[in-house]
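S.K.: A single structure is presented below for examination.
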Amino acid sequence: MATRFGSYFERLLKQKGLSQKELARRVASSQGWVWSLINGKRSMPLRRIEAVAKALGLDEFERAELRRRVLLDRSAEEIQDYVEHLESELGRRAHRRVAESDRASGPEDPT
């Protein structure tokens, strides 16, 4: 039986024109995993939200709504862990951009 999240997630798949099988392929998972999310047998792992959002082609508003719906059933501890994960990811992205910028500008002239 689909949960409130499962019903939302199933509608989202239909809205985006994706089958369970295609979403599973895009996130390197199984169709059974997607089915279990829709039918309330599993909760979406917090660290997979962004991969699923990307696979669905969600815009920023839709991504925020997906995050909100996933987080509604989580404990404060799980949410804190997820926030720390996001902060770490943002830090890695910023570090990569600085490194790419440094490489693009070439070596500094010591004179």
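The values are calculated or read from the model by the stated rules, or taken from the named source; none is laboratory data. What you are looking at is a predicted structure, and each value in this text was computed from that prediction instead of being measured. We place every Cβ from the backbone using ideal geometry, glycine too, and count neighbours over all the protein chains shown.
S.K.: If you check every pair at least six apart or on different chains, which have Cβ atoms under 6 Å apart with a residue in the range 1-26 that is β-branched (V, I, T) first and a residue that is outside any helix (DSSP H, G or I) second?
M.R.: T3/G40
S.K.: For S19, all conditions in the list (1) more than 12 Å from the chain's Cα centre (by Cα); (2) at pLDDT 95 or above; (3) surrounded by 15 or more Cβ atoms within 10 Å (Cβ to Cβ) hold save one; what is the number of the exception?
M.R.: Going through the list (1) more than 12 Å from the chain's Cα centre (by Cα); (2) at pLDDT 95 or above; (3) surrounded by 15 or more Cβ atoms within 10 Å (Cβ to Cβ), S19 breaks only (3).
S.K.: Could you tell me whether the range 99-108 includes any residue that is in contact (Cβ under 8 Å) with a residue 24 or more places away in the chain, of a type in the set (D, E) and either part of a helix (DSSP H, G or I) or in contact with a helix residue (DSSP H, G or I) (Cβ under 9 Å, 6 or more places away or on another chain) (or both)?
M.R.: Pass one, the range 99-108, residues in contact (Cβ under 8 Å) with a residue 24 or more places away in the chain: none.
There is no residue in the range 99-108 that is in contact (Cβ under 8 Å) with a residue 24 or more places away in the chain, of a type in the set (D, E) and either part of a helix (DSSP H, G or I) or in contact with a helix residue (DSSP H, G or I) (Cβ under 9 Å, 6 or more places away or on another chain) (or both).
S.K.: If you take the residues of the range 53-98 that are assigned to a loop (DSSP other than H, G, I, E, B) and over 11 Å from the mean Cα position of the chain (by Cα), which of them is farthest from Q15 (Cα to Cα)? Lay out the reasoning, then the answer.
M.R.: To start, the set of residues in the range 53-98 that are assigned to a loop (DSSP other than H, G, I, E, B) comprises 57-59, 72-75.
Still in the list and also over 11 Å from the mean Cα position of the chain (by Cα): 59, 72-75.
Details: D59: 13, L72: 22, D73: 23, R74: 26, S75: 29 Å.
Here the answer is S75.
S.K.: Additional query: List pairs: first residue in the range 76-90 and under 17 Å from A51 (Cβ atoms), second residue surrounded by 10 or more Cβ atoms within 10 Å (Cβ to Cβ) anywhere in the structure, Cβ distance under 7 angstrom, at least six positions apart or on different chains.
M.R.: Taking only residues 6 or more apart or on different chains, the pairs are Y82/L46; H85/R47.
S.K.: Here is a further query. Would you pick out the residues in the range 56-109 that are among the small types (G, A, S) and loosely packed, with under 12 Cβ neighbours inside 10 Å? Explain how you work it out, then say what you get.
M.R.: Taking the range 56-109 as the starting set, the residues that turn out to be among the small types (G, A, S) are 57, 64, 75-76, 88, 91, 94, 99, 101, 104-106.
Of everything in the range 56-109, those that are among the small types (G, A, S) and loosely packed, with under 12 Cβ neighbours inside 10 Å turn out to be G57, S75, A76, S88, G91, A94, A99, S101, A104, S105, G106.
S.K.: State which residue is nearest to the chain's Cα centre (by Cα) when the search covers only the range 38-52 and only residues that are crowded, with 18+ Cβ neighbours inside 10 Å and more than 18 Å from E78 (Cα to Cα).
M.R.: V52
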